[in-house]
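Remarks on the structure that follows.
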Amino acid sequence: GPTKRAGAASPPSTPQPAAMRQREDALALLAAVAHRHELRDIEARCRAAIEQAHGAVVNVAVLGKFKAGKSTLLNRLLGADVLPVQAIPATAVITRVRFGPALKATVHKTGGETLAIEPSALADWVTETGNPGNARGASWVEVESPGLAGLERLVLVDTPGTGGTWEHHTATSLSWLPNVGAALLVVNGTHPLGDEDLTLIEQVRPHTPTLIVVLSKMDLMSEADQEAVLAHVRGALQRRMEDAPAVLPFSIADEHAEYREQLRALLRRLDDGHVVAAEALAAHRVGQLASECRDYLEVALAAASSHAEAIGELRVALDAEASRLPELRQQAARQLEPINKSLTEHAQKLARRHLRATVERLDRDLAEQQPTWTGSLKQENERFRAWLRPALSEAMAPVAPAIAIGLDRHLDDAMDAAARIGEAFVQRLGRHVAQATGVELSLPAPDPRRVPTESVEDPVSATYESPLELLSPVIPMGLARTSVRRRMRNALPWEVEKNLSRVAYRTAKTGRDGLQQALDLYIDGLAAVLDNCRRAADASPADVPAISADLERVRGLA
């Protein structure tokens, strides 16, 4: 989304240094080269990097899996509970938090409309409870707060979290990656640095050189355990990568105020050096994009300069790979069949876990309501039905998203299987290219971005009926009221179980549909890699001067 709007607090302007102008020129050159050679993905990322280099602020993404403590961390930085913290995850809605003289919130809708809302109403737009499946069509939400005084050049971006962390994050968060200027990875200190966290770090690092790991919930550990966890995480990162990110402890406890001040001081340094940070980010992206562009141009040059017979064989091999794509799709679909078949059963198991607590909650609520009802048997039944549906909806509001999250975790294995098929396909493409041209082309397989399972909307379909209602005119309620009310309470377990089962069935169906959609997108991504290879292989001797000139320019940038 845009970084500035009418009426928003604007950061102080800073003259653009010569180094930044050089980075922008380099990105513009790369975009032009990518356009000439139809490297569309690289061109789009160059354009995004140029746009961000013009900005006067640094976007700091706050990342991490569901319940890692991202929103809690931001609230502590703001000095108030501004962002909603709930027991179920947020929708796929980016929330941008920046300095402003007064607390206010603005919703930017997908159609371009903006809507000023009360900050207390944020939950109605950015949580699954208030805005299930983002039915309200929010593109992103901006919050201004005086609590960020001293950090005027930073925009803190609260991204949606999931149970599977970044590699299975929402499509919204993944598509936002090119806008990252710096990143805070929030990791639950009581379960520190699993494989998912390391994967997230590897996915973010190509987009920004500035990454900070924040270990939350440190107040839940003894001082000795805190030191051990910090040492473990720092050591694991140093063993995994040469330029390991900084690691900071964090806690909301009063006795750990120094932890929060350490983080704020680091953010102040980032704010003070925002020009340097922006230049470093641009330099990082120039190198990354130039390297990718160079690889494809080297293949194109080798193809244009190689023996015609070898290139002809390469084209035949690539055509054969193209013809195998439908078979590849079917093979991947077969890998998903066991998951698809077990999905409904797994959803029903997840639903049954909520049966007892939901029944007990409704039973307590009904016991409080019934003494206020008066009238005939028919009237009491009507009141019961009028109470039952909204009461069920409220009680089951967190259940549907919880089932969806549980299925997301269950479906991760399915996409991992598809990814292995894709990796083998891309490796074959690399071997074909190397055999024909001698160029070792590093072809990363596309990310298997599974579409998150959406929780079903309006999950309740209560239809309580009582045969006693027909006898309402002849049954005196003074005698029957106790029995009738007991019958209503006895009906609750069945009404809850019935509706939980329906929710589970419908959520499983959305999971299957999303899995199929993700598979289609993944195969399309593999086809795009193949198309890049085929375009490079189609280069002719007449293209050599143009390719050579562009390759020389790009090598200098890489």
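Go through the stretch 28-47 residue by residue and tally those that are in contact (Cβ under 8 Å) with a residue 60 or more places away in the chain, assigned to a helix (DSSP H, G or I) and over 16 Å from P206 (Cα atoms).
5
I need the full set of residues from the stretch 375-394 which are touching a residue at least 40 places away in the same chain (Cβ under 8 Å), open to solvent by less than 20 Å² (accessible area, probe 1.4 Å) and not acidic (D, E), in order please.
Listed by number, the residues that qualify are L377, N381, F384, L388, L392.
I need the full set of residues from the stretch 210-231 which are closer than 25 Å to S71 by Cβ and open to solvent by 30 Å² or more (accessible area, probe 1.4 Å), in order please.
Selection gives T210, K217, D219, L220, M221, D225.
Looking for whichever is open to solvent by 30 Å² or more (accessible area, probe 1.4 Å) and of a type in the set (A, V, I, L, M, F, W, C) here; the options are V503, V484, V544. Which one fits? Walk me through how you get there before you give the answer.
Values: V503 fails: open to solvent by 30 Å² or more (accessible area, probe 1.4 Å); V484 fails: open to solvent by 30 Å² or more (accessible area, probe 1.4 Å).
Of V503, V484, V544, the one residue that is open to solvent by 30 Å² or more (accessible area, probe 1.4 Å) and of a type in the set (A, V, I, L, M, F, W, C) is V544.
For Q52, only one of the following conditions fails: (1) assigned to a helix (DSSP H, G or I); (2) modelled with pLDDT of 75 or more. What is its number?
Of everything listed in (1) assigned to a helix (DSSP H, G or I); (2) modelled with pLDDT of 75 or more, Q52 misses just condition (2).
Scan the stretch 67-78 and report the pairs whose first residue is closer than 16 Å to D197 by Cβ and whose second residue is acidic (D, E), with Cβ atoms within less than 7 Å and a gap of 6+ or a chain change.
Correct list of pairs: K70/D158.
Name the residue, out of L519, L479, L526, that is farther than 30 Å from A357 by Cβ and at pLDDT below 80.
Only one candidate qualifies: L479.
Would it be correct to say that K341 is in a helix (DSSP H, G or I), in contact with an Asp or Glu (Cβ under 8 Å, 6 or more places away or on another chain) and open to solvent by 90 Å² or more (accessible area, probe 1.4 Å)?
Numbers: in a helix (DSSP H, G or I): yes; in contact with an Asp or Glu (Cβ under 8 Å, 6 or more places away or on another chain): no; open to solvent by 90 Å² or more (accessible area, probe 1.4 Å): yes.
Spelling it out, it is not the case that K341 is in a helix (DSSP H, G or I), in contact with an Asp or Glu (Cβ under 8 Å, 6 or more places away or on another chain) and open to solvent by 90 Å² or more (accessible area, probe 1.4 Å).
Starting from the stretch 104-132, keep only residues that are more than 13 Å from L83 (Cα to Cα), then list their pairs with residues that are among the acidic types (D, E) and exposed (fewer than 13 other Cβ atoms within 10 Å of the Cβ) whose Cβ atoms are within a distance under 7 Å, requiring at least 6 positions of separation or different chains.
P132/E457
Among the candidates E423, E380, single out the residue that is within 30 Å of L441 (Cα to Cα) and not basic (K, R).
On inspection, the qualifying residue turns out to be E423.
For the stretch 95-150, enumerate the residues that are under 21 Å from the mean Cα position of the chain (by Cα) and among the hydrophobic types (A, V, I, L, M, F, W, C).
Residues satisfying the conditions are V97, V107, L122, A123, W125, V126, A135, A138, W140, V141, V143.
So that you can scan it fast, the table gives a plain yes or no per residue for (1) within 30 Å of V155 (Cα to Cα); (2) in contact with a Phe, Trp or Tyr (Cβ under 7 Å, 6 or more places away or on another chain); (3) modelled with pLDDT of 85 or more:
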site: A265; (1), (2), (3): yes, no, yes
site: V286; (1), (2), (3): yes, no, yes
site: L297; (1), (2), (3): no, no, yes
site: S305; (1), (2), (3): no, no, no
site: G312; (1), (2), (3): no, no, yes
site: L325; (1), (2), (3): no, no, yes
site: R329; (1), (2), (3): no, no, yes
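Residues in the stretch 319-328 that are under 29 Å from the mean Cα position of the chain (by Cα) and crowded, with 18+ Cβ neighbours inside 10 Å: how many?
Of the residues in that region, 1 qualify.
Being within 16 Å of Y259 (Cα to Cα) and touching a Ser or Thr at 6+ places or on another chain (Cβ under 9 Å) is the filter here, so list the residues in the stretch 227-245 that pass it.
V229
In the stretch 324-374, what count of residues is obtained for those that are under 17 Å from V496 (Cβ atoms) and without any contact (Cβ under 8 Å) to a residue 12 or more places away in the chain?
Quick first cut of the stretch 324-374, residues under 17 Å from V496 (Cβ atoms) only: 347-367, 369.
Restricting the remaining residues to those that are without any contact (Cβ under 8 Å) to a residue 12 or more places away in the chain gives 349, 353, 356-357, 360, 364.
Number of matching residues: 6.
Taking the stretch 124-142 as the region of interest, how many residues are in a helix (DSSP H, G or I), farther than 19 Å from R98 by Cβ and modelled with pLDDT under 85?
Of the residues in the stretch 124-142, 3 are in a helix (DSSP H, G or I), farther than 19 Å from R98 by Cβ and modelled with pLDDT under 85.
The values are calculated or read from the model by the stated rules, or taken from the named source; none is laboratory data. Since the structure is predicted, the reported quantities are computational estimates derived from the model, not experimental observations. All Cβ positions, even for glycine, are placed from backbone atoms using ideal geometry, and neighbour counts span all protein chains on display. To get the accessible areas, we keep the full protein, side chains included, count just its heavy atoms, and leave off ligands, DNA and RNA. Shrake-Rupley method; radii C 1.70, N 1.55, O 1.52, S 1.80 Å.
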